[in-house]
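Beneath this line is the structure, given in structure tokens, with notes to follow.
What follows draws every value from the coordinates through simple rules; no lab data is involved. In this text the structure is predicted, and so the values were computed from the model without any measurement. No Cβ is skipped: glycine too gets one built from the backbone with ideal geometry, and neighbour counts run over all protein chains shown.
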Amino acid sequence: MSSSKRNGSIPRGREHGAAGDVRGEVYDRAYYDKWYRHPRHRVRTRAELARIVRFVFSAAEHILERPVRSVLDVGAGEGNWYPLLTALRPGLRYRGVDPSEYAVARFGARRNLVQGSVTDLAAAGVRGPYDLVIASGMLNYLGASDLRTGLAEIARHVGGVAYLELFSSQDAFTGDTDEMPLRPARWYARELAQAGFVSCGLHLYVPKRDAGRLARLEVLAR
């Protein structure tokens with residue numbers, strides 16, 4: 001799904017396959033081919049994704065004031081962030097989690113992906129903390145209960161910065177939006193705050209325990 005404002009993107013509801021499937025979507029090769037590679041349906045080009053990865057990685061290092069050494073990618077899909085991140089930081093410790101059996105079977109070994117759900121990262125063998133935790137293109141598809149559980153799970157593994165891509169009912173989108181439970185921005189902001197996240201803007205968050213080291217104008221609310 002793409003925002004008409006800045007080409008924000010949520011291609012599909014990856015986590016539904018592992019946490020309350022309401023659409024019966026099958027996340028196989030055909031699905032990825034359509035939303036990630038087809039020139040008419042894809043929601044981001046490779047260049048656009050590379051630009052987002054560079055931004056998130058650089059912003060995380062700016063906030064941390066040190067190099068990012070570890071990344072957890074929740075709802076990683078085929079692990080498309082992996083080659084871009086490791087190009088920026090060879091030797092980076094990366095772990096991707098996704099419920100897609102196809103994605104993990106095809107890319108798991110070479111991109112360090114495991115099958116699992118945001119609602120139970122421990123069951124997927126995830127052991128934090130990680131300097132940077134990414135949840136791109138999947139949180140919007142979770143129901144309220146799964147979103148709260150997922151945000152709490154993510155919070156337990158954030159050792160620095162989180163990139164939590166969420167769009168509201170007040171935003172305009174294109175893409176795979178069928179049955180997406182969009183809610184007002186204030187609802188998401190409340191849920192994020194209750195999970196212990198403080199917004200730095202542009203989908204970037206830090207744990208509340210670490211917000212005190214940021215300047216007042218670096219955070220949107222405190």
- [ ] Just subtract the alpha-carbon distance of Arg89 and Gln194 from 0.36 nm times their residue separation and send over the number in nm, one decimal.
- [x] 34.5 nm
Task: Cβ charges +1 (Lys, Arg) and -1 (Asp, Glu), total dipole of the range 75-211, debye - done: 580
TODO: May I ask you to derive the FRET efficiency for Arg69 and Ala152 from their Cβ-Cβ distance with R0 = 25 Å, giving the value to the nearest 0.05?
DONE: 0.55
- [ ] Once you have the Cα-Cα distance between Glu48 and Val114, take 0.36 nm times their residue separation minus that, and quote the gain in nm to one decimal.
- [x] 21.2 nm
Task: Inter-label distance for Leu214 and Ala185, nm, one decimal - labels placed 7 Å from Cα along Cα-to-Cβ - done: 1.6
Open item on the list: Let's see if you can work this out: charge +1 on each Lys and Arg Cβ, -1 on each Asp and Glu Cβ, no other charges. What is the dipole magnitude of the range 130-222 about its Cα centre, in debye to the nearest 20?
Closed with: 640
